[in-house]
Amino acid sequence: GKSPREPVRDVAFVGVEFRDAALTWLEPHAAPSGGDWALPRTAAVFLENVENVGFRECLFERVDGNALMVSGHARGVVVERSEFAWVGATAVVLWGRTSPCLDEACSRQLPPHPDVEGPDGRGAAQPRGSRLSGNVFRELGVFVKQSAAVFSALAGLTQIEGNVMFNAPRALINFNDGFLGADVVRSNLLANAVRESADHGPINMWSRVPFIREAFKELGEKRDTV
């Protein structure tokens, strides 16, 4: 979409195969937030400024970087009954955007830096209400070992339910910060994770820095799953 005010709305991909995307592990990387991850803001399928976009019964195979990235302003992205296999990096990336303001009045700001997001999320330019259900994630992180089935940074109100995830070098689900919360991880089968590292388990969660954001009562978002 052009902007958060002019998003692409109501698009569905059904039974589509996405494959053979290029290597991206030498592309410029950025640090999304308080966790220790760095990654490029790119993927075989890249979404930003979207609302109500869905993927159903799709196949993401032999993509040599991230498979699907939901970036910046995104509402209600759904991925269901799809498969991600032989993914070079992370299968699904949820990665929001923030401003460099350090207080509510923005009287202090972080020094300009193209690769670091600030703590101010009041612009609401983040993935919210994403739902991943009934998917299979396997053979992940073929080239990039700091990778996962699902990676979330500066996002929230995400539902990860009823998925099967296995064969990955590191954690299968990684929450890089405690930015928004109200995430639900339920009824998933996770197996054979952390095959090439030993620093955590199948789910990894960080929460190291404070954020400025709206209170939940001001979000105007549904939290039916919480």
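Compute the relative contact order of the chain as a whole-number percentage, counting only Cα pairs closer than 8 Å that sit 6 or more residues apart in sequence.
17
Can you put ILE203, ILE212, ILE160 in order of accessible area, largest first, using a 1.4 Å probe?
Order by accessible area, largest first: ILE203, ILE212, ILE160.
Using a/c under 1.5 as the rounded threshold, could you call region 32-151 rounded, prolate or oblate? The axes a ≥ b ≥ c are square roots of the C-alpha gyration tensor eigenvalues, and prolate needs a/b larger than b/c, oblate otherwise.
Oblate shape, in that a/c is at least 1.5 and b/c is the bigger or equal ratio.
Based only on Cα atoms, what Rg/Rh ratio does the chain have, Rh being taken as Kirkwood's radius?
Reported Rg/Rh (Cα atoms, Kirkwood Rh): 0.94.
Leaving ligands and nucleic acids out of the surface, order TRP206, TRP95, TRP25 by accessible area at 1.4 Å, largest first.
From most accessible down to least: TRP25, TRP206, TRP95.
Sorted by accessible area (1.4 Å probe), largest first, how do LYS145, LYS2 line up?
Accessible-area ranking of LYS145, LYS2, largest first: LYS2, LYS145.
Rounded, prolate or oblate, given the Cα gyration tensor of region 115-156, with a/c below 1.5 counting as rounded?
Oblate is the answer for region 115-156, as a/c is 1.5 or above yet b/c matches or exceeds a/b.
Can you work out ³J(HN,Hα) from phi for every residue in region 113-121, in order, using Karplus 6.51 cos²θ - 1.76 cosθ + 1.60 and θ = phi - 60°, giving whole Hz and x for Gly and Pro?
Rounded to whole hertz, the list is 8, x, 10, 10, 7, x, x, 9, x.
In the chain, with Lys and Arg counted as +1 and Asp and Glu as -1 at Cβ, which of these residues, VAL92, ILE212, ALA38, has the Cα nearest the positive end of the dipole, that is, farthest along it?
About the Cα centre, the residue reaching furthest to the positive side is ILE212.
By the 4.7 Å beta carbon criterion, which cysteine residues of the chain come out unpaired?
CYS58, each lacking another Cys Cβ under 4.7 Å.
Count the net charge of all other residues whose Cβ sits under 13 Å from the Cβ of PRO114, scoring Lys and Arg as +1 and Asp and Glu as -1.
It works out to a net charge of 0.
Hey, how many Å between the Cα centroid of region 1-74 and the Cα centroid of region 134-204?
Rounded to whole Å, the Cα centres lie 16 Å apart.
For ASP10, what accessible area in Å² do you get when you roll a 1.4 Å probe over the heavy atoms of the protein chains, rounding to the nearest 10?
The value for ASP10 is about 110 Å².
On alpha carbon coordinates alone, what is the Rg over Rh value for region 86-186, Rh being the Kirkwood radius?
Radius of gyration over Kirkwood radius for region 86-186 works out to 1.05.
The values are calculated or read from the model by the stated rules, or taken from the named source; none is laboratory data. Since this is a predicted model, take the numbers as computed values, not measurements. So basically every Cβ, Gly included, is an ideal-geometry build from the backbone, and we count neighbours across all protein chains shown. In case anyone asks, the SASA skips ligands and DNA or RNA and just uses the protein heavy atoms, side chains included. Shrake-Rupley method; radii C 1.70, N 1.55, O 1.52, S 1.80 Å.
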